1. What distance in nm lies between label points placed 7 Å from Cα along the C-beta direction at Ala37 and Met17?
2. When a/c is below 1.5 the answer is rounded, else prolate if a/b is larger than b/c, else oblate, so apply that to the stretch 14-167 with a ≥ b ≥ c taken from the square roots of the Cα gyration tensor eigenvalues.
3. Tell me the chymotrypsin sites (Phe, Trp or Tyr not before Pro) within the stretch 150-248 that lie in a loop according to DSSP and have at most 16 other beta-carbon atoms within 10 Å.
4. Ignoring the sites themselves, what is the longest stretch of the chain with no GluC sites (Glu not before Pro) in a DSSP loop and at most 10 other beta-carbon atoms within 10 Å?
5. Per residue, what accessible area does the chain have, given a 1.4 Å probe and all protein chains present, in Å²?
6. Placing +1 at every Lys and Arg Cβ and -1 at every Asp and Glu Cβ, with all other atoms neutral, what dipole size does the chain have around its Cα centre, in debye to the nearest 20?
7. Using a 1.4 Å probe over the heavy atoms of the protein chains, calculate the carbon and sulfur portion of the accessible area of the chain as a whole percent.
8. Can you tell me the 0 to 90 degree angle between the C-alpha axis of helix 121-130 and the longest principal axis of the chain, rounded to 10?
Amino acid sequence: MVWGMSLPSGFGEFFPMGNFEAHIDSDDDEWGDRLKAYYKEKMSEEQKALFDDGMGNGPGAYSYYVAQKFISERGMVSGVGKPPFCPIEAHEPPRSFVTEKGYKSLGSLIMLNGRILAVDEALKTIIERLEPGEHEFSSIEVRMPRNKVYPSSYYTLFIGQYFDSFLPEKSKRESIRNHGPSYPNYYSLEQSKKGVTGLALAKATFGSAHLWRERAFREWLICFSDELQAEIAEGGLRIPKHYQIKQITETVS
């Protein structure tokens, strides 16, 4: 079996409200400010030119580019003239996420601003054991009001596998919407149980993978194997709602 999970749609234990590297009494995005400062102070002129549009927007363009790295496939580009997404560099991950309110509990997999994912130590351990070296993790501290630090360790998660196993002709029409002739290979997903269970994926394409994304849906759908789902359930880990996807095993021409 294969499982699918769409991104959380509302704030809560799987999508805490807050901001990266912010002060407790401020909602400023200091992660973005730090990246902009890096652009201005430490990047070579050659590197700066990759983001400079001639109108002074280079620092912001670089900050946005870094945030997109966490949800985009390596080597892809976000637009004409844009640099391809390369591996995350040591100075680029956000160091903390500051929530606007206290949380007694958070899921083992959560979504932060910009659709960036984070996992706790237990889930990270499972993923690394099943697919060592396939995905990237960076430590991120979750802070709350009154200078409290959430007791569990969290790590941003970059999913390192993208596949084209989605079969629109085998999926239910009401589950998906094509983006039209300008983007024939991209689809929107109905963010519900009905939407996820109406999808069909080719087993021959994703093979023995345990955690991946489908190029057709980019960051909006997370897929994982039956083995990964079983270990999550056995460990009592809480993740957003997820559902079985139709797995097509016959050869697809």
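The values are calculated or read from the model by the stated rules, or taken from the named source; none is laboratory data. Small disclaimer: the values here were computed from a predicted structure and weren't measured. Here the Cβ positions follow ideal geometry from the backbone for every residue, glycine too, while neighbour counts run over all protein chains shown. To get the accessible areas, we keep the full protein, side chains included, count just its heavy atoms, and leave off ligands, DNA and RNA. Shrake-Rupley method; radii C 1.70, N 1.55, O 1.52, S 1.80 Å.
1. 2.8 nm
2. Note, shape of the stretch 14-167 comes out oblate.
3. Tyr186
4. On the way: sites that count: Glu89, Glu250.
With GluC sites (Glu not before Pro) excluded where exposed in loops, the chain gives 90-249 as its longest stretch.
5. About 52 Å² of surface per residue is accessible.
6. 720 debye
7. Working: 6420 of 13160 Å².
The value for the chain is 49 percent carbon and sulfur by accessible area.
8. 50 degrees
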